[in-house]
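Down below is the structure, laid out as structure tokens.
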Amino acid sequence: MKITLLTGKTFDLQNAFDFPLTVKSSLKIKRLNLRIDHKTRSAVLSMPKWCNKKTAFDFVSAHLSWIEEKLASLPALKNFEDGQKLCLFGKPLTICHRPDFGAPQRVGDTLFVGGQKAFLHRRIKDYIKREAKKEFLSRSQLLAQKLGCTLKGVSIKDTKSRWGSCSSRQHINYSWRIALAPTETIDYLMAHETAHLKNPNHSKVFWETVQSLCTDFTKGKTWLETNANQLYEYR
Ligand SMILES: [Zn+2]
């Protein structure tokens, strides 16, 4: 692992190493700490406000082999492939590539996809995004109706920071990858984001609202917190 030698007073800590490094600095952070972010596939350095860059640089440098080992052990990024079995909106789906076939079409448990092999991944990803937009919009609208709230729209994003978010303009964003999560996790996330239409915070009342929409949300929430990183294996 190479290190860029530092000269002068100013240098960019984020770009000083030949691996992706995210630097977070705030008054709340009491000590230097390193972790690996599976979503962004980067090392994350938490740095107290008082800490100078040279000290931080030395700290990261002292942990190079640990960082290298952790980044190397991340699962390889995957493409969707012919014959692959997926779970889409909680239902099994097998990808079947037929070059002469037209636009992706689901027939029973099979998703037929046409075109060149090189574009297979892209076409399937676009298909999942289109289906997610329809599915998540109609489901969120139903939940919003139950709460007597207005939902202005749903967008499907490729975010890596959050699985979903609800804006003060009554608009919900979902990550397209959540379409590949188990049913109970999708149920939980829909309930969570829609409940924000009524309660923008995470108060006790908010969680009661989530429960009113999704009675047993613990399993879905736990999966999201412990296993959802695997959804980032898809490019
Ligand atoms: Zn929330």
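Nothing in this text is a laboratory measurement; each read-out follows from the coordinates by a stated rule. Worth saying up front: this structure is predicted, and the values here are computed from it rather than measured. Don't worry about glycine lacking a Cβ; one is built from the backbone with ideal geometry, like all the others, and counts go over all protein chains shown.
Could you work out how far the C-alpha centroid of the stretch 118-168 sits from that of the stretch 72-99, in angstrom?
With the stretch 118-168 and the stretch 72-99 each reduced to a Cα centre, they are spaced 20 Å.
Treat each spin label as a single point 7 Å out from the Cα along the C-beta direction, and report the VAL44 to GLN141 distance in nm.
For VAL44 paired with GLN141, the spin-label model returns 3.6 nm.
Relative to the present Cα-Cα distance, how much length would full extension add between LYS134 and CYS149 at 0.36 nm per residue of separation?
Here the segment from LYS134 to CYS149 would lengthen by 3.5 nm.
Could you work out how far helix 120-147 tilts from the main Cα principal axis of the chain, as a 0 to 90 degree angle to the nearest 10?
Rounded to the nearest ten degrees, it is 70.
Can you show me the helix-derived [θ] at 222 nm for the chain, built from DSSP H runs with n ≥ 4 at -39,500 (n - 2.57) apiece and divided by the number of residues, rounded to the nearest 500. Don't skip to the answer; put the middle values down first.
Details: 6 runs with 78 residues, N = 235.
One gets -10500 deg cm²/dmol as the mean residue ellipticity at 222 nm.
So what's the angle, to the nearest 10 degrees on a 0 to 90 scale, between helix 204-213 and the longest Cα principal axis of the chain?
40 degrees
Using a simple spin-label model with points 7 Å from Cα along the Cα→Cβ vector, what separation in nm is obtained for GLN14 and GLU69?
2.9 nm
How much length would be gained if the chain were fully extended between LYS91 and GLN105, taking 0.36 nm per residue of separation minus their Cα-Cα distance, in nm to one decimal?
Contour length minus the Cα-Cα distance gives 3.5 nm.
Can you figure out the FRET efficiency of PHE59 with GLU233, using R₀ = 25 Å and their beta-carbon distance, to the nearest 0.05?
After rounding to 0.05, the efficiency reads 0.25.
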